[in-house]
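Enquirer: Here you go, one structure.
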């Protein structure tokens with residue numbers, strides 16, 4: 001295999017000094033040892049407004065390094081929250097020492113370049129660095145004031161935040177990997193409490209982008225306020241079997257949960273209900289699932305995966321038929337296939353593993369939005385928030401049970417609000433009962449897109 | 001970590017441009033972990049992080065900056081940055097004198113404690129023993145993941161009120177997660193042991209027992225039927241997770257939610273908010289529990305706080321910022337994930353005091369209901385009081401006896417309503433460790449409770 005270096009990306013120069021640093025550390029490898037060096041550096045600002053004043057303002061820079069060493073198919077890892085010269089050598093030594101304790105495994109190796117070119121993915125907003133702190137403070141204060149004044153029933157704005165960040169990273173290995181990337185992000189986020197006599201209800205809204213110019217405070221405010229206000233008067237809903245419409249934000253959560261079962265590592269280790277089912281009909285014909293981090297609109301868009309291979313489009317489910325899983329280098333080797341460029345990691349302190357970055361459902365018929373899906377469903381439950389997803393959804397067994405708030409659906413429209421109910425099924429049955437997929441795709445923060453979906457035959461527990 | 005004269009100069013710099021309060025929080029953290037998965041030691045990992053977070057409070061505004069540079073110059077730069085952000089927040093400016101720091105409190109560690117190493121070989125031995133024990137539990141156990149983690153965190157806090165305090169916190173954890181395969185698909189079982197102590201944890205905790213519990217949990221669920229749907233009496237086993245009180249009222253008693261009127265418990269001190277059987281305590285001083293520390297992350301000694309006494313709400317949980325506004329003393333509940341985070345009001349070890357009843361009797365006197373042997377996580381909306389908590393091992397109670405195992409489900413309730421529905425509390429008290437997430441920060445906490453009964457809770461199963 002050729003060791004063609006992958007490098008740079010569209011939209012400006014990469015962090016050359018980080019690449020040089022990573023190359024230098026990788027150069028300290030000893031004979032018989034492969035070394036992968038991941039270095040990252042970032043800045044962030046967060047402003048929280050409350051009651052017309054700035055409650056807190058944080059400003060920080062951070063940097064760190066994560067090193068993987070492979071000797072005789074044994075892997076060791078170490079990280080440090082610093083790029084100081086003395087720390088670099090210590091971290092490499094520690095990773096090396098850790099490798100000596102691992103069980104040798106023929107499948108354990110670092111990624112090697114696979115010839116797939118990286119897409120031109122520009123995630124850097126040049127203007128962000130020049131935005132003065134006063135402007136960021138003003139955005140948070142304006143958001144708080146806007147939310148407070150948006151509706152007479154809003155009695156509290158408990159959090160109104162502006163935040164941004166810029167991260168640069170470089171990844172270099174002795175197996176020929178050389179990748180660099182950088183991204184900026186900015187967000188507005190607001191949480192409101194609506195009151196109506198004794199009862200209170202909460203709602204949250206946000207707007208995200210690569211820079212300040214992408215942010216839309218009207219949208220964040222409107223979303224938060226309408227979510228809180230329309231729940232006023234909510235009571236515990238009735239029990240029974242019904243069709244559940246998940247709003248776009250909830251659909252993002254659903255897809256993220258399903259994505260855990262599409263990880264090649266989970267499949268190889270017998271922790272996925274999809275294991276051994278390639279080629280089978282796992283969902284309705286309307287279920288087509290694609291992970292495509294090269295789609296610039298995706299929040300998780302990326303040129304490179306966490307092992308420095310090019311990110312690419314992977315079709316996982318096609319018209320209900322399971323077609324493939326997401327692999328990093330090790331899980332691919334275990335499965336007898338090649339990496340799909342799907343390694344992800346949680347910063348310099350984490351190790352790579354396969355995962356989605358930009359999962360999306362093929363959209364339904366054009367113009368099919370929330371109203372359209374509600375009209376098609378007729379009677380059911382519309383869910384706008386879920387709780388206990390971490391405690392009540394098991395991606396191994398597929399059991400699904402979550403707390404929910406929302407509105408009843410009657411005659412194809414939203415009716416009375418309900419709260420303190422649960423919605424339950426199994427993920428396997430839900431995929432087979434997907435009765436509607438909206439065309440209203442919205443790229444929300446996270447690893448999956450949002451679009452209105454409806455799932456039939458779910459058990460609702462309430463009164 | 002840092003000499004007092006340096007800290008004094010840094011605090012002076014932080015207040016040079018105005019402000020009423022400044023604080024330096026220094027942290028040096030080492031972590032070590034190992035994972036055995038699929039029969040192989042897959043990953044040993046070590047990490048080291050140190051730095052300082054500096055906050056300046058000016059009027060209603062808190063300015064915060066952090067740095068990984070612990071030299072005096074690095075700290076002075078961060079102090080200047082925190083001071084500048086406090087001012088640009090528009091808070092009032094008022095210069096105050098900072099006096100000398102007082103004597104150190106808490107239990108500062110030795111000046112240079114060795115990095116956390118322990119014996120990697122000993123840790124791996126635990127994982128292998130756990131893997132063997134889990135697989136020996138039954139042929140249907142097809143997958144085992146065992147994880148070991150240890151961390152040592154040295155902290156030093158100094159503030160412009162003259163406080164100087166430190167602590168050295170060593171935490172050790174072992175967890176086992178199993179997958180079992182049966183006719184009805186895959187099932188999972190999980191168990192963990194975690195304490196604020198070093199490797200001596202394993203003089204008390206047997207990896208074999210832990211693994212056996214996790215494996216039996218997965219095996220039991222292979223024949224499980226779907227959990228019921230609707231409202232039923234629920235008996236929670238002693239030490240089944242304690243997450244009930246953490247979610248049903250713990251978060252709602254944090255003073256930051258109270259100050260913003262974002263809690264159903266705001267303005268209710270002195271009122272009966274729970275069954276008279278409920279006395280709820282948050283206590284950061286209990287033995288070596290997961291949420292225990294000598295001082296909190298603002299340098300206040302950990303203490304025992306009674307929150308609900310015989311069902312009557314007695315107090316909230318306080319950090320420095322919220323206590324200052326109310327003109328009272330903080331309760332030792334100011335915590336932060338790392339030096340890169342601002343402190344906020346958090347629980348430590350939160351538990352219900354044991355009661356007079358007998359655990360077996362409580363089950364025997366429940367004709368029909370659900371018995372929860374182990375809980376998973378939970379979540380609450382403090383404003384409405386609605387909360388959920390998940391089961392990971394549960395059984396049907398029929399005729400006062402445990403019968404069939406049930407598949408995992410979430411239970412949902414409203415805090416003040418559920419707390420009134422406790423009609424029996426036994427004496428078989430036990431604590432469990434957990435990780436509590438709030439506003440993007442995770443901290444270790446303990447939860448505790450004896451066997452108790454709720455007269456009715458909505459169970460989110462799929463059975464009609």
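Enquirer: Applying the selection to the range A:186-200, what residues are without any contact (Cβ under 8 Å) to a residue 40 or more places away in the chain and touching a helix residue (DSSP H, G or I) at 6+ places or on another chain (Cβ under 9 Å)?
Expert: Residues satisfying the conditions are A:189, A:191, A:193.
Enquirer: Looking at the range A:25-52 only, could you name the residues that are without any contact (Cβ under 8 Å) to a residue 60 or more places away in the chain and either closer than 14 Å to residue A:177 by Cα or in a strand (DSSP E or B) (or both)?
Expert: A:27
Enquirer: Every residue in the range B:150-174 that is within 14 Å of another protein chain (Cβ to nearest Cβ) and in contact with a helix residue (DSSP H, G or I) (Cβ under 9 Å, 6 or more places away or on another chain), please.
Expert: B:150
Enquirer: Another question about this same structure. For the range A:104-116, what are the residues that are in contact with a helix residue (DSSP H, G or I) (Cβ under 9 Å, 6 or more places away or on another chain) and surrounded by 15 or more Cβ atoms within 10 Å (Cβ to Cβ)?
Expert: If the condition is that a residue be in contact with a helix residue (DSSP H, G or I) (Cβ under 9 Å, 6 or more places away or on another chain) and surrounded by 15 or more Cβ atoms within 10 Å (Cβ to Cβ), then A:105, A:107, A:108, A:109, A:110, A:111, A:112 are the ones that fit.
Enquirer: When residues of the range B:436-464 are filtered for being within 20 Å of the chain's Cα centre (by Cα), within 14 Å of chain A (Cβ to nearest Cβ), touching a residue at least 60 places away in the same chain (Cβ under 8 Å) and part of a strand (DSSP E or B), how many remain?
Expert: Of the residues in that region, 5 qualify.
Enquirer: Quick one: in the range A:272-290, which of the residues that are surrounded by 19 or more Cβ atoms within 10 Å (Cβ to Cβ) and touching a helix residue (DSSP H, G or I) at 6+ places or on another chain (Cβ under 8 Å) is nearest to residue A:360 (Cα to Cα)?
Expert: A:289
Enquirer: In the range B:409-431, how many residues are away from every other protein chain (no Cβ under 14 Å) and within 19 Å of residue B:447 (Cα to Cα)?
Expert: Step one: of the range B:409-431, the residues away from every other protein chain (no Cβ under 14 Å) are B:419-420, B:422-431.
With within 19 Å of residue B:447 (Cα to Cα) added as a condition, the list becomes B:419, B:422, B:424-431.
The qualifying residues number 10.
Enquirer: OK, next. Against the definition (in contact with a strand residue (DSSP E or B) (Cβ under 6 Å, 6 or more places away or on another chain), touching a residue at least 24 places away in the same chain (Cβ under 8 Å) and surrounded by 18 or more Cβ atoms within 10 Å (Cβ to Cβ)), how does residue B:295 come out, yes or no?
Expert: So residue B:295 fits the description; yes.
Enquirer: If a residue must be in contact with a helix residue (DSSP H, G or I) (Cβ under 6 Å, 6 or more places away or on another chain) and within 7 Å of chain A (Cβ to nearest Cβ), how many such residues does the range B:35-63 contain?
Expert: The qualifying residues number 5.
Enquirer: Just checking, does the range B:209-217 include any residue being in a loop (DSSP other than H, G, I, E, B) and either at pLDDT 95 or above or in contact with a helix residue (DSSP H, G or I) (Cβ under 7 Å, 6 or more places away or on another chain) (or both)?
Expert: No: zero hits.
Enquirer: Starting from residues that are in a strand (DSSP E or B), over 19 Å from the mean Cα position of the chain (by Cα) and under 30 Å from residue B:438 (Cβ atoms), keep the ones in the range B:378-405 and report whichever is nearest to the other protein chains (Cβ to nearest Cβ).
Expert: Of everything passing the filter in the range B:378-405, B:386 is nearest to the other protein chains (Cβ to nearest Cβ).
The rows are residues; the columns are (1) within 21 Å of the chain's Cα centre (by Cα); (2) more than 14 Å from chain B (Cβ to nearest Cβ); (3) part of a strand (DSSP E or B).
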site	(1), (2), (3)
A:363	yes, yes, no
A:371	no, yes, no
A:383	yes, no, yes
A:405	no, no, yes
A:418	no, no, yes
A:422	no, no, yes
A:457	no, no, yes
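Enquirer: Scan B:30, B:12 and give me the residue that is more than 9 Å from every other protein chain (Cβ to nearest Cβ) and either in contact with a strand residue (DSSP E or B) (Cβ under 6 Å, 6 or more places away or on another chain) or surrounded by 18 or more Cβ atoms within 10 Å (Cβ to Cβ) (or both).
Expert: Testing whether each residue is more than 9 Å from every other protein chain (Cβ to nearest Cβ) and either in contact with a strand residue (DSSP E or B) (Cβ under 6 Å, 6 or more places away or on another chain) or surrounded by 18 or more Cβ atoms within 10 Å (Cβ to Cβ) (or both) leaves just B:30.
Enquirer: Can you name the residue in the range A:53-76 that is within 13 Å of residue A:34 (Cβ to Cβ) and at the interface with another protein chain (Cβ under 9 Å from one of its Cβ atoms) and, of all such residues, is surrounded by the fewest Cβ atoms within 10 Å (Cβ to Cβ)?
Expert: Among those that are within 13 Å of residue A:34 (Cβ to Cβ) and at the interface with another protein chain (Cβ under 9 Å from one of its Cβ atoms), it is A:74.
The values are calculated or read from the model by the stated rules, or taken from the named source; none is laboratory data. The structure presented is a predicted model; accordingly, all values stated were derived computationally and were not measured. In this analysis, Cβ positions are derived from the backbone assuming ideal geometry, glycine residues included, and neighbour counts consider all displayed protein chains.
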